[in-house]
Structure formats: C-alpha cells, structure tokens
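The values are calculated or read from the model by the stated rules, or taken from the named source; none is laboratory data. All values derive from a computational prediction rather than experimental measurement. Backbone-built Cβ (ideal geometry, glycine too); neighbour counts: all protein chains shown. Note: areas computed on protein heavy atoms with side chains; ligands, DNA, RNA excluded. Shrake-Rupley method; radii C 1.70, N 1.55, O 1.52, S 1.80 Å.
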Amino acid sequence: MNSAWMEKTYTIDGCAFHTQHRRGSSGVTIVFEAGYGTSSETWEPLMADIDDEFGIFTYDRAGIGKSGQSSTKRTAEQQVKELESLLKAADVKPPYLAVSHSYGAVITGLWACKNRRDIIGMVLLDPALGDCTSFSFIPEEMHKAYTRKMMLEGTHAEFSKSLQVLKQQQVHLGNMPLLVLSSGERTEKFAAEQEWQNLHSSILSLSNQSGWIQAKNSSHNIHHDEPHIVHLAIYDVWCAACQQAAPLYQAVN
C-alpha cells in the first residue's frame, strides 16, 4: 500500500486551506482536529508511529498555520462545513476516526452529531467541552493560551457561540466508541481542576461505549507529553469500533 503523503491547498468559500493526508490500507482515515489557534504541526509527535493501515488527514483551519484568512464567522458550525468540504475536495471518504484536542473537540463533537454514520469513533484529548464559556474554571494555563490565540482564530463571542450551539445540538452517539483523555500533571496546581475533570466525566454519557484515561504525566498537550497514550487510545477505539464490544479503560501512568 502506498502511504505517501499528499500536501495540497483547497479553496473553500474564498479561503485557501492547507491540508496533508495519506491513504491507508484499512479504508479508515483518522481526522485530526487541533486546539484553538493551533496549526496541524501540533500532531507531528504522533505521525511517525501511526500504522499504515490508517489513512491520516490533517489541516490548518482558517487563519492558522499555512491556511489563509476567511471572511466568514469563526464558529464551530462554519468550521464543520469547511472540514466536510475539505474532505470532499481531497476525496477522503468515510469511515472516519476523529482525534481532537481541546477546542477541536467542539468541532468534532458537532461534526459527529451531524454525521454519526460516517464517524466510527472519537478520541478527545483534554477536551474543552461543557459549560465553560465564561472561562470561570478553565485551568490557568488554558485560560492564558486561549486569550493569546483569540486574535488568531476568532473572537470570544464566536468561541462562546460554538459551545452553545454544540450544547443545543448535542445528541446521544449510540454505540460509537468514545474515549476521553484528561491531563494529570496539573491536578494539584489548580483548585478548579476537579470541576474540569467533572466536565470530562459528563462527556462519557454521550455514548454507550465510552471510557476515560488520565494521562498522569501530561500537561494540557497530552499528544506532546505522552504520545504513546494517544496511540493506544486510537487503537482501542479502532478495535472497539471493529468488534462493537466496549473496552475497559483505566488510568495510565
């Protein structure tokens, strides 16, 4: 199987989007969605060790990395439309396995609500989901990061609107395998960490096949600090999707 990478730019609604993808032998493509204001380069620590059986699709959202600026609103609804258009333009067909980090989970979450038949499973890395629009208890390191990145990708109002829309449109995902990874390194640093963990626990109710892993030695960027845990999570979700049998998950050291 030829697993050569293809790097292409596609124009969607007047905006040039930078993409990279390769095809896999299984027919399943892992679609990566980065955190707020973060380019697709964030996934580089994972790429080399993903088996050739998986296709891979990464891209830079508008205004980030090598992609151009967009005149459309930077809401998750618009970003889902752009992702769907890019996958179509690149001829990357389902099934998909979605891997997302932080705010990226808002986009893939909304995408999954609309395309449950196309997405066979999801891995969410320290997802920024739930009632966190006010930033009142987002851990400090994330609060500062989002504040710095607002000017890159959108406004606070658009960010808040995205969370509200996902909450309104959220549906149960049935038996779709769903695995949530939470960072563990900062547990004793932030008084509100338990509330953040509670948000992650609440996400598990969205699927009949869900599980949780605490990456004990990771900061918010789990895929940088402990990429092997992310690899294991991807394969666990893949196996669960193939077997339609709920795997057992536990905290990982």
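Name every residue in segment 7-19 that is open to solvent by less than 60 Å² (accessible area, probe 1.4 Å) and touching a strand residue (DSSP E or B) at 6+ places or on another chain (Cβ under 6 Å), in order of residue number.
Tyr10, Ala16, Phe17, His18, Thr19
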Subject >> Filtered residue count, segment 211-226, keeping only those that are open to solvent by 30 Å² or more (accessible area, probe 1.4 Å) and either over 16 Å from the mean Cα position of the chain (by Cα) or modelled with pLDDT of 95 or more (or both) >> reply: 5
Original post:
Within the bounds of segment 78-85, is there any residue that is in contact (Cβ under 8 Å) with a residue 24 or more places away in the chain, surrounded by 14 or more Cβ atoms within 10 Å (Cβ to Cβ), small (Gly, Ala, Ser) and touching a Cys at 6+ places or on another chain (Cβ under 9 Å)?
Top reply: no
Original post:
Do we have any residue at all in segment 41-56 that's open to solvent by 10 Å² or more (accessible area, probe 1.4 Å) and in contact with a Phe, Trp or Tyr (Cβ under 6 Å, 6 or more places away or on another chain)?
Top reply: no
Original post:
Within segment 29-40, can you find the residues that are out of contact with any Phe, Trp or Tyr (no Cβ under 6 Å at 6 or more places or on another chain) and either buried (at least 23 other Cβ atoms within 10 Å of the Cβ) or not small (Gly, Ala, Ser) (or both)?
Top reply: Glu33, Ala34, Thr38
Subject >> Matching residues in segment 28-65 - criterion: being assigned to a strand (DSSP E or B) and either of a type in the set (Phe, Trp, Tyr) or at pLDDT below 95 (or both) >> reply: Phe32, Phe57, Tyr59
Original post:
Quick one: would you say Ala76 is of a type in the set (Gly, Ala, Ser) and touching a helix residue (DSSP H, G or I) at 6+ places or on another chain (Cβ under 6 Å)?
Top reply: yes
Original post:
Among (1) open to solvent by less than 10 Å² (accessible area, probe 1.4 Å); (2) over 10 Å from Leu179 (Cβ atoms), where does Ala233 come up short?
Top reply: (2)
Subject >> Residue count for segment 121-144, restricted to those that are at pLDDT 95 or above and either over 20 Å from Val180 (Cα atoms) or β-branched (Val, Ile, Thr) (or both) >> reply: 1
Original post:
Does any residue of segment 86-102 turn out to be in a loop (DSSP other than H, G, I, E, B), open to solvent by 20 Å² or more (accessible area, probe 1.4 Å) and touching a helix residue (DSSP H, G or I) at 6+ places or on another chain (Cβ under 7 Å)?
Top reply: no
Original post:
Going through segment 62-72 one residue at a time, which ones are in contact with a Lys or Arg (Cβ under 8 Å, 6 or more places away or on another chain) and open to solvent by 10 Å² or more (accessible area, probe 1.4 Å)?
Top reply: Gly63, Ser67
